[in-house]
Amino acid sequence: MSDGDESDEGGADADAPAEGADAIAERLDTAADALADAETEADLDDVATTLDDIEADLAETDLPEPDEDDEEAEDPAADLEDRIADLRDDLESARGPYAEDVTDVVEDANTTIESTRWTETGVEDLHDAVAAFVDAVDDTLAETVDPELGEETDSLVAALDAASETVAAADLDPDEDADSIAELVEAADALSAGVEDAEAYDDLSVREKLRVEGFYDVLGTKHKDFPPEWSALKEWEKHDDVEMVLLLLDLMGDSDFMERHCIESLERMANPDCVDAMLERAERRDQDAIRVIGKTGHASEEVLDTFHEFVDGDPSLQVVVLRALGELGSSESTQPVADQLAAEEARVRSQAARALGMLGDPRAVDPLGDVLADEEETENVRASAAWALVQIGTRDALTTAAEYADDRSYVVQSEAERAAEAVEAPTA
C-alpha cells in the first residue's frame, strides 16, 4: 500500500517528463519552420540561437531512461538530441555560399598545381581551366585580374592568387551579393574539376613516362632486342648517362629482368653520379647497390659510415661490404676491415684480408702477417693474406709474405714467391 510519497507506474510523476519531451519537440517543430522560412543570414543566426536554447533546456530536463532490458525501448532524450543535430546540419547547409568558399577552392587548386608534375597536355588543360575562372571573376565583379595569364604553371598560380585576392577585396555580402557569389562558386567548382581532369605525369603509364622523358630517343627505327627498353638501356650505357639508367630502374625496377640489367649497367659504368640513388638502396642492405657503389670508388663520408655499420653483421652482407670497402680505397676503412680478420666465418676473414690488400694501407701488414703465420687458419684465408701483402707492396709487406715461399700450401707458396721476386727485383 502506498504511503502517498510514491506514484504508481503511469501516474502523474511519470507523465511529467513526457510533457517536457513534448514541449521540447514542439519548440523544435517551430525552429524547423523558422529554418524553412529563413531568407537571410540574420534569420539563420536566430535559428541557431533558438537551437542553442533548446539544447540547454533539454540538458536540464529530467526525461525517463530507456529500459536496458528492452532493445526497442524508446529514449526520448536521444531522439530529441538527434533532431537537434539534424536541424544544425540543415542550418549549416542553408548558410552561404560565401566568398570564402570561392577562395578556399582556389587555394586548393593552387596547391595541387604547385605540387604536381604535369605533362605538356596537362599544362594546356590547366591554362584553359584557369583562364575560364579568371574570366568569370572579371565578368562577375567587373574587375580586371592582374597579373595577366601566361603559359607556365608559375604564371597560372600567380593568376589564381590575383583572382582570389580580387574576390576577397570585393567584400561580398552573402545576402545582398548572393547571385554574384553563386556565379563565382560555380566558376570555382569548374576550376577544381578542370585541375582534377588535367593530365598529370603520374597519370601516364610507365612507357608513356619513358617516352615523355625521351628515353626512347636513342633508338633507331630498328632495334634487335626485346623489350625496347633493354635496347635503349644499352645505348644510354654507352652514353654514360646515369640519369636515364636510374629513370628506367625507378619506373621498371619491379621487373627482376630489368632491375638486373640496370644494376649491371651501373656497375659497368662505375659513374659516381649514381651514388646518391644507390645509397638509398644500400641503406636498406641492398647488396647490388653496395656493389655498384664500390665500383664507383666514391668514398664519401656518408657512404663510409653506412658501410662501416654493415661490416659486422650477416656474413653474406659482410662479404659484399668488405669487397666494396676495398674498392673504395679509403684508409678510414682499414681498422673496421682488419677487425673482421677475426670473424667467425672463413669466407668473411678471407674477404677482409683481400680488402686490406685493395686498401693498400701499410698498417695492415702486421695483422695480415699474423694471419699468414697462423697454422690453424684455413688455406684460403692464408692465401688471401699473402695476396694482400703483395698488393700492399711495401718492402715490409713483401718481406713478410716472402718468408712463406716454402709453405705447404701451393696457393700461399705462389703468392710468397711473387713477393720474394718483388723484393729481389732491382729498384729503379
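The values are calculated or read from the model by the stated rules, or taken from the named source; none is laboratory data. Small disclaimer: the values here were computed from a predicted structure and weren't measured. Neighbour counts run over all protein chains shown; Cβ positions are idealised from the backbone, glycine included.
This table checks each residue for (1) within 25 Å of the chain's Cα centre (by Cα); (2) basic (Lys, Arg); (3) in the same structural domain as Arg349 (by TED's automatic domain parsing).
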residue: Glu267; (1), (2), (3): no, no, no
residue: Ala270; (1), (2), (3): no, no, no
residue: Ala282; (1), (2), (3): yes, no, no
residue: Gln287; (1), (2), (3): yes, no, no
residue: Ile290; (1), (2), (3): yes, no, no
residue: Ile293; (1), (2), (3): yes, no, no
residue: His308; (1), (2), (3): no, no, yes
residue: Gly313; (1), (2), (3): no, no, yes
- If Asp62 satisfies every condition in (1) closer than 30 Å to Glu183 by Cα; (2) in contact with a Pro (Cβ under 9 Å, 6 or more places away or on another chain); (3) of a type in the set (Asp, Glu) but one, which is the exception? (1)
- Out of Gln287, Gln340, Gln318, sole residue that is in contact (Cβ under 8 Å) with a residue 12 or more places away in the chain and under 26 Å from Glu237 (Cα atoms): Gln287
- Query: Take the residues of region 332-351 that are polar (S, T, N, Q) and within 38 Å of the chain's Cα centre (by Cα): which is surrounded by the fewest Cβ atoms within 10 Å (Cβ to Cβ)?
  - Reply: Gln335
- Query: Any idea which of Ala48, Ala85 is in contact (Cβ under 8 Å) with a residue 40 or more places away in the chain and of a type in the set (Gly, Ala, Ser)?
  - Reply: Ala48
- Task: Name the residue, out of Ser164, Ser205, Ser180, that is of a type in the set (Ser, Thr, Tyr) and within 30 Å of Glu264 (Cβ to Cβ).
- Result: Ser205
- Note on the structure: Per the list (1) closer than 27 Å to Ala405 by Cα; (2) in a loop (DSSP other than H, G, I, E, B), residue check on Arg284 breaks on (1)
- Residue satisfying condition, being farther than 30 Å from Glu208 by Cα and touching a residue at least 40 places away in the same chain (Cβ under 8 Å), within set Asp125, Asp161, Asp146, Asp108: Asp161
- Message: Taking the conditions exactly as written (touching an Asp or Glu at 6+ places or on another chain (Cβ under 7 Å) and among the small types (Gly, Ala, Ser)), does Ala405 satisfy them or not?
- Response: yes
